[in-house]
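Have a look at this one before I ask anything.
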Amino acid sequence: MNTAFEIVQLSDVQLLELLCSTTDDNVLYSHFVDRFLPHVQKECLKICNRRKIDQHVGQQIAHETFERVRRYKSFKKDGIKIAHEKKAVIIYLNRVSTHLFNDFYNNEKKEDTVHRTYFDDIISSHESYDDIEGLKRKKDISIAIFKKLNPKEKAILLKDIEYKRHNKYLPDDVISVLSQELNIKPDTIRKIRQRAIEKIKKAINEINQN
């Protein structure tokens, strides 16, 4: 399943099944997000209104819902209980986003929560490194990976890391400022952020496996 035309012809369940059964999923993932993101965003904003949560949290959780589906690939067609495919997939996605909202709520209850940054996943030391050498190695690797990003990815990621230590998601006003500075739409900022994170995670995984 290599062409965009073939992917467009897939039913909703077929698309999700294929996404969850392959690791070479960039094109599939892009089509899946385009097809279902508006539905998930709408439900997430409803939850924000009910729970009195800032809407920027709902926007971020909507995107994280797809990230989690892609990461865990746990969807099983056998679990579908209704005949309408699109509704079945939306229910599945809404279930994932609800779990993320609950995680957010539980984290918010903890005082002084410090969130990990993406570079924290770098293995900083091995038996042959002492603490200082390990930290220096981690710093050098982080800089090398960061240099691989394009200017917009760098700007968005730096802002994301600045707020990530104590805020899981970028506030609306920060996204608004970035949108004006980079002359791009807020939703595009979220897409660029996700693309940059994926690049970093891929680079870190390759380094950690060596």
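Over segment 40-87, give the accessible area per residue in Å² for a 1.4 Å probe, as an integer.
Numbers: 2930 Å² over 48 residues.
With the other protein chains kept in place, segment 40-87 gives 61 Å² per residue.
With a/c under 1.5 counting as rounded, go ahead and sort the chain into rounded, prolate or oblate using the C-alpha gyration tensor (a ≥ b ≥ c being the square roots of the eigenvalues; past the cut-off, prolate if a/b is larger than b/c, else oblate).
Numbers: a/c = 1.71, a/b = 1.37, b/c = 1.25.
Prolate shape, in that a/c is at least 1.5 and a/b is the bigger ratio.
Compute the Cα gyration tensor for segment 1-80, then decide on rounded, prolate or oblate, letting a ≥ b ≥ c be the square roots of its eigenvalues: rounded whenever a/c is under 1.5, prolate when a/b is larger than b/c in the other cases, and oblate in all that remain.
Values: a/c = 2.30, a/b = 2.03, b/c = 1.14.
Here segment 1-80 falls in the prolate category.
For GLU162, GLU6, give the ranking by accessible area with the largest first, probe 1.4 Å. Show your work: numbers first, answer last.
Numbers: GLU162 115, GLU6 80 Å².
Result of the area sort, largest leading: GLU162, GLU6.
Leaving out ligands, DNA and RNA, and with a 1.4 Å probe, what % of the accessible surface on the chain is carbon or sulfur? Can you show the working numbers first?
Working: 6350 of 12740 Å².
Roughly 50 percent, rounded to a whole number.
Would you kindly state how much longer the chain becomes between VAL8 and ARG51 on full extension, computed as 0.36 nm times their sequence separation minus their alpha carbon distance, in nm to one decimal? Each step should come with its number before you reach the end.
On the way: separation 43, 0.36 × 43 = 15.48 nm, distance 3.58 nm.
Here the segment from VAL8 to ARG51 would lengthen by 11.9 nm.
Per the helix-only calculation at 222 nm, which mean residue ellipticity applies to the chain, given -39500 (n - 2.57) for every DSSP H run of n ≥ 4 and division by its residues, nearest 500 deg cm²/dmol?
Roughly -23500 deg cm²/dmol at 222 nm, from the helical runs in the chain.
So how do 192-201, 97-106 stack up, highest first, on mean other-Cβ count within 10 Å?
Numbers: 192-201: 18.0, 97-106: 15.1.
With the highest mean Cβ count within 10 Å placed first, the list reads 192-201, 97-106.
The values are calculated or read from the model by the stated rules, or taken from the named source; none is laboratory data. Remember, predicted model here, so these are calculated numbers, not experimental data. Note that each Cβ is placed from the backbone with ideal geometry, even for glycine, and that neighbours are counted across all protein chains shown. Areas reflect the complete protein model, heavy atoms only, side chains present, ligands, DNA and RNA absent. Shrake-Rupley method; radii C 1.70, N 1.55, O 1.52, S 1.80 Å.
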